[in-house]
Amino acid sequence: MATDSMVPPGEDPAPYHEEVHDPRRRDFINIAAVTFAGVGGVAIVLPLVNQMNPSADVLAQSTTEVDLSKIEPGQGVVTTFRKQPLFVRNLTPKEIAEANAVDVASLRDPQTLAERTKAGKENWLITLGVCTHLGCIPLGIHEGDNRGPFGGYFCPCHGSAYDTAARIRQGPAPKNLFVPEYTFNSDTAITVG
Amino acid sequence: MSFPWAKHYEPKQPLMRWLDEKLPLPRLVYGAIGAGYPVPRNLNYFWNFGVLAGLALVLQIVTGVTLAMHYASYSGGAFASVESIMRDVNAGWFLRYAHANGASMFLLVVYIHIGRGLYYGSYKAPREMVWLLGVVIFLLMMATAFMGYVLPWGQMSFWGAQVITGFFSAIPLVGESIRIWLLGGFAPDNAALNRFFSLHYLLPFVIAGVIILHIWALHIPGSNNPTGVDVKGEQDTVPFHPYYTAKDGVGVGVFALIFAALIFFSPNLLGHPDNYIEANPLSTPAHIVPEWYFLPFYAILKSFTADFILPAKLWGVLAMFGSILLLFFLPWLDTSPVRSANYRPKLRIFLVVLLADVLLLGYVGGAEASAKNVILGQIGAAYYFAHFLIILPWISRSEKPVELPNSITEAVLAKHGGTSPAHTALKTDDDLTTKPALAN
């Protein structure tokens, strides 16, 4: 029998009489042991990767309240949300009209002003002050800043220009300034996040 | 490994013989950078820069480890701890200026080292692996230098971290999550600073490890030389020690003079004043620029301003990383069997143009993003890629090389007015040339 040659000398050939398995028992043990160690290894890698994610104290800073009562039309303030600058702007009727006059289909990131604000509160434009190109803070929130060719915000780093609805109109940035989630607590106060 | 005529290590002292039996470390050093490594006899001063790069790494590790004894990697105290190093720590100003300018010196000598490889065809067979490992070292150096620049937590540190991690947000769909994962937050802060410090301390030792592989891979075929002609026999080589240890010593002296001039006379020449302002997440500096050694790559990043199938931002990031990853393919893009550009008249011209192009990109990378500069950058970036992807494959097929010397020795002796090795060797009293010739 062909199987006889596979029996190590001095061992009982009985278990081999039925058939030779492929993989053999020794291969099976080998594969099983390495697989078990591999699964264990992956289980150790997971926390090593996950420790890089924002920790609980960083995530805890994820809401910000803003008092709108002191912001006159045409003014804006900068506050922080998740340690990033947050632009809160009270648009003038002229700025709203300019934003609504744009053909939305012609935009790089098509959105209307109404989609970027809350119903009935179109004058309150709340965005992150982080250029969607590489993260610089655009100019235009402070009085006297260069507001760029479209009268909104202008990023001095690589020349991205945003319009009065903070939509990207010119330059390398791919997206409009990000509008975070927020709710009106009253007519003069919002909670962001 | 190495040539058959390489000298063998023979310890004479009993202690060294004992050590050689237990742990042959001196034997390894003797064969790697001692008299046991035969090197082409015609190397010029461009061959100093590998040793200089190794020296720069050692200096960075020594100054870096000592600086880490005084530095606090905490976003609320990092800037103040660097100021305290400058003002209060004994000789702290010296260590910090040596470390900051040491990074510039390291990148400078590495750029010359890479340029040497490009000109003399050191990336070609049989040294492809040496080149590939070199590109890996370069990538590790760039990562290390970037993270080191973040540590003082000044304005340029912070906004540099913001912009560079912003590259990853260009990746479609998962980009923003990757960026937040890398930073450990939504903007650079304490978590990012700490992990950058940890990795900045680790990576130099990884670099040292890859350097060992780089030298190991080099010692299998042996060093290239200015003619690019293979070593034919013992007369073509001299032992590394004392011949090139001495020649490298000259280079080390010049290196030290320039380094000292930077540290002691203009330590902030290559830095940015904005980095002496503490990081402020609510104020972007008017003009964000990376350190000088990244400017050409930054110019390539900035030169994409319009969407074309993919967003402009993604193009910029792909092109910038592509400009370095391209170097991995260089040994197979250049198919000419002639190594040294000394014998390749067309390549020689285009390499000078490439150097001018990289300098132009460096200028554009540091300049304001005006319309004129953007166009200059676009031309420069396009030419950079054209050089490697079009011009180089084209000239390696069409070019007619100048006649190569038959051997290194023939080239050396022709330079000194001789015609045949045997004839000239007898006339010169230079030990270096006569000994191998007489031995044959």
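The values are calculated or read from the model by the stated rules, or taken from the named source; none is laboratory data. Owing to the predicted nature of the structure, the values given are computational and were not obtained by experimental measurement. Using ideal geometry, Cβ is built from the backbone for each residue, glycine included, and neighbour counts are taken over all protein chains shown.
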Task: Residue satisfying all of: in segment A:144-193; among the small types (Gly, Ala, Ser) and in contact (Cβ under 8 Å) with a residue 60 or more places away in the chain; farthest from the other protein chains (Cβ to nearest Cβ) among these - done: A:Ala189
- [ ] Output the residues belonging to segment A:48-99 that are within 14 Å of chain B (Cβ to nearest Cβ), without any contact (Cβ under 8 Å) to a residue 60 or more places away in the chain and over 21 Å from the mean Cα position of the chain (by Cα).
- [x] A:Leu48
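I'm trying to understand the selection: among the residues of segment B:149-169, which are more than 19 Å from B:Val317 (Cα to Cα) and touching a Phe, Trp or Tyr at 6+ places or on another chain (Cβ under 8 Å)?
Let us first name the residues in segment B:149-169 that are more than 19 Å from B:Val317 (Cα to Cα), namely B:149-158.
Scanning segment B:149-169 gives B:Val150, B:Leu151, B:Pro152, B:Trp153, B:Gly154, B:Met156, B:Ser157.
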Open item on the list: So B:Ala187 ticks every box in (1) small (Gly, Ala, Ser); (2) in contact (Cβ under 8 Å) with a residue 40 or more places away in the chain; (3) under 21 Å from B:Tyr71 (Cβ atoms) but one. Which box is left unticked?
Closed with: (3)
TODO: Would you list the helices (runs of 4 or more DSSP H) that sit entirely within segment B:7-68 and hold 1 or more residues that are out of contact with any strand residue (DSSP E or B) (no Cβ under 9 Å at 6 or more places or on another chain) and closer than 19 Å to B:Gly117 by Cα?
DONE: B:49-68
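Here's a check for you: in segment B:313-328, which residue that is touching a helix residue (DSSP H, G or I) at 6+ places or on another chain (Cβ under 6 Å) and over 13 Å from B:Ile164 (Cβ atoms) is nearest to the other protein chains (Cβ to nearest Cβ)? Spell out the reasoning first.
At the first step, the residues of segment B:313-328 found to be touching a helix residue (DSSP H, G or I) at 6+ places or on another chain (Cβ under 6 Å) are B:313-314, B:316-317, B:319-320, B:323, B:326-328.
Narrowing further to those that are over 13 Å from B:Ile164 (Cβ atoms): B:313-314, B:319, B:323, B:326-328.
Values: B:Lys313: 5, B:Leu314: 8, B:Ala319: 12, B:Ser323: 17, B:Leu326: 22, B:Leu327: 24, B:Phe328: 26 Å.
Ranking the candidates gives B:Lys313 first.
Name the residue, out of A:Val45, A:Val77, that is closer than 22 Å to A:Thr188 by Cα and at pLDDT 85 or above.
Details: A:Val45 fails: closer than 22 Å to A:Thr188 by Cα.
Unique residue meeting the criteria: A:Val77.
Residue by residue, here is whether (1) within 12 Å of chain A (Cβ to nearest Cβ); (2) more than 15 Å from A:Ile137 (Cα to Cα); (3) out of contact with any Gly (no Cβ under 6 Å at 6 or more places or on another chain); (4) of a type outside the set (S, T, N, Q) holds:
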| site | (1), (2), (3), (4) |
| --- | --- |
| B:Ala143 | no, yes, yes, yes |
| B:Ser169 | yes, yes, no, no |
| B:Pro172 | yes, yes, yes, yes |
| B:Glu176 | yes, yes, yes, yes |
| B:Arg179 | yes, yes, yes, yes |
| B:Leu182 | yes, yes, yes, yes |
| B:Gly185 | yes, yes, yes, yes |
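Quick one: in segment A:118-143, which of the residues that are in a loop (DSSP other than H, G, I, E, B) and more than 14 Å from chain B (Cβ to nearest Cβ) is nearest to the chain's Cα centre (by Cα)? Don't jump to the end; show me each part of the working.
Step one: filter segment A:118-143 for residues in a loop (DSSP other than H, G, I, E, B), giving A:118-123, A:129-138, A:140-143.
Pick out the ones that are also more than 14 Å from chain B (Cβ to nearest Cβ) and you get A:118-123, A:143.
Working: A:Lys118: 22, A:Ala119: 25, A:Gly120: 28, A:Lys121: 26, A:Glu122: 25, A:Asn123: 26, A:Glu143: 30 Å.
So, considering only residues that are in a loop (DSSP other than H, G, I, E, B) and more than 14 Å from chain B (Cβ to nearest Cβ), the one nearest to the chain's Cα centre (by Cα) is A:Lys118.
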- [ ] Can you work out which of the residues in segment A:97-135 that are modelled with pLDDT under 85 and crowded, with 22+ Cβ neighbours inside 10 Å is farthest from B:Ala187 (Cα to Cα)?
- [x] A:His133
TODO: Only residues that are closer than 17 Å to A:Leu59 by Cβ and assigned to a helix (DSSP H, G or I): list them for segment B:158-190, please.
DONE: B:Glu176, B:Ser177, B:Arg179, B:Ile180, B:Trp181, B:Leu182, B:Leu183, B:Asn190
Task: So B:Ser75, is it closer than 30 Å to B:Phe186 by Cβ, outside any helix (DSSP H, G or I) and in contact (Cβ under 8 Å) with a residue 12 or more places away in the chain - done: yes
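Test B:Leu139 against the stated conditions and say whether it is in contact with a Phe, Trp or Tyr (Cβ under 9 Å, 6 or more places away or on another chain), of a type outside the set (D, E, K, R), surrounded by fewer than 23 Cβ atoms within 10 Å (Cβ to Cβ) and assigned to a helix (DSSP H, G or I). Working first, answer last.
On the way: in contact with a Phe, Trp or Tyr (Cβ under 9 Å, 6 or more places away or on another chain): no; of a type outside the set (D, E, K, R): yes; surrounded by fewer than 23 Cβ atoms within 10 Å (Cβ to Cβ): yes; assigned to a helix (DSSP H, G or I): yes.
Here the answer is no, as B:Leu139 does not meet what is asked.
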Open item on the list: Let me confirm something: among A:Val66, A:Val88, which residue is modelled with pLDDT of 90 or more, assigned by TED's automatic domain parsing to the domain that holds A:Gly129 and in contact with a Phe, Trp or Tyr (Cβ under 9 Å, 6 or more places away or on another chain)?
Closed with: A:Val88
Open item on the list: Among the residues of segment A:84-96, what is the count of those that are crowded, with 17+ Cβ neighbours inside 10 Å and assigned to a loop (DSSP other than H, G, I, E, B)?
Closed with: 1
Task: Residue in segment B:296-310 that is touching a residue at least 24 places away in the same chain (Cβ under 8 Å), away from chain A (no Cβ under 14 Å) and either farther than 24 Å from B:Met147 by Cα or not polar (S, T, N, Q) (or both) present - done: yes
- [ ] Starting from segment A:105-121, take each residue that is in the same structural domain as A:His133 (by TED's automatic domain parsing) and list its partners that are loosely packed, with under 15 Cβ neighbours inside 10 Å, counting only C-beta distances under 8 angstrom and pairs at least six apart or across chains.
- [x] A:Arg108/B:Asp307; A:Pro110/A:Val104; A:Gln111/A:Val104; A:Thr112/A:Asn100; A:Thr112/A:Val104; A:Leu113/A:Asn100; A:Lys118/A:Phe184; A:Lys121/A:Phe184
Open item on the list: Being in contact (Cβ under 8 Å) with a residue 24 or more places away in the chain and either basic (Lys, Arg) or assigned to a loop (DSSP other than H, G, I, E, B) (or both) is the filter here; which residues of segment B:191-220 pass it?
Closed with: B:Ile220
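When you go through B:Ala306, B:Ala217 one by one, which is the residue that is within 22 Å of the chain's Cα centre (by Cα) and among the aliphatic types (A, V, I, L, M)? Break it down into steps so the answer makes sense when it comes.
On the way: B:Ala306 fails: within 22 Å of the chain's Cα centre (by Cα).
Every option except B:Ala217 fails the conditions.
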